[in-house]
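Okay, structure first, notes after.
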Amino acid sequence: MLSALTIRESGPNDWRAAGELRWVWDIEDGDAPAYEHDEFVRTFADWIGAQQGTHTCWVAQEGDDIVGMAFLVRTPRPPRPSTGDRWVAEIQSVYVPASHRGRGIGSQLVDTLIERARTAGADRVIVHSRPKSVQVYHRAGFATTPLLMERTP
């Protein structure tokens, strides 16, 4: 029997587990590691701690296991006379290991982050999706737009 799934903001005790997920993700994608495993997990956990003002790591927990993660990034925008302070929420690094996919965990992470951004007053929520994840975001109400432009610096 599966334990109940909980989506929650992570704490320092979760950050190494998030680093493990990031490691598995890169290996799954076929990327060659530039770090030793333990060094990367420690570096990733330290990075999360250092980004707490702008990046919030959320986790999906089932029993004692972290089975997914996502980041909600807060980016301030210049104030406007008509609206005052403004900010944009960006969803980043949503990942669920292959062994836990197909159960809606990624969608629950995305929905939770959208709701958090809404209640915190974000102007909008954006995401840069991988092609295989586009449908998750469309189901969550995101629209594909041709307005984003990017280039290599």
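A few notes on this one:
- Residue ID - nearest to the chain's Cα centre (by Cα), chosen from residues in the stretch 109-153 that are of a type in the set (D, E, K, R) and assigned to a loop (DSSP other than H, G, I, E, B): Arg130
- Residue within the stretch 23-31 that is touching a residue at least 24 places away in the same chain (Cβ under 8 Å), of a type in the set (Phe, Trp, Tyr) and assigned to a helix (DSSP H, G or I) present: yes
- For Ser82: the one exception among (1) out of contact with any strand residue (DSSP E or B) (no Cβ under 8 Å at 6 or more places or on another chain); (2) modelled with pLDDT of 95 or more: (2)
- Filter result for Arg139 (surrounded by fewer than 17 Cβ atoms within 10 Å (Cβ to Cβ), touching a Ser or Thr at 6+ places or on another chain (Cβ under 7 Å) and farther than 26 Å from Asp85 by Cβ): yes
- Evaluation of Ser93 against (1) in contact with a Gly (Cβ under 8 Å, 6 or more places away or on another chain); (2) among the small types (Gly, Ala, Ser); (3) on the phi > 0 side of the Ramachandran plot (one fails), failing number: (1)
- Tabulated pairs, the stretch 141-153, first free of Cβ contacts under 8 Å to residues at least 12 places away in the same chain and among the hydroxyl-bearing types (Ser, Thr, Tyr), second surrounded by 10 or more Cβ atoms within 10 Å (Cβ to Cβ) and part of a loop (DSSP other than H, G, I, E, B), C-beta under 9 angstrom, 6+ apart or interchain: Thr144/Ser129
- For the residues Glu90, Glu62, the requirement of being surrounded by 13 or more Cβ atoms within 10 Å (Cβ to Cβ) and farther than 23 Å from His128 by Cα singles out Glu62.
The values are calculated or read from the model by the stated rules, or taken from the named source; none is laboratory data. Predicted model only: the values in this text are computed from it and were never measured. Using ideal geometry, Cβ is built from the backbone for each residue, glycine included, and neighbour counts are taken over all protein chains shown.
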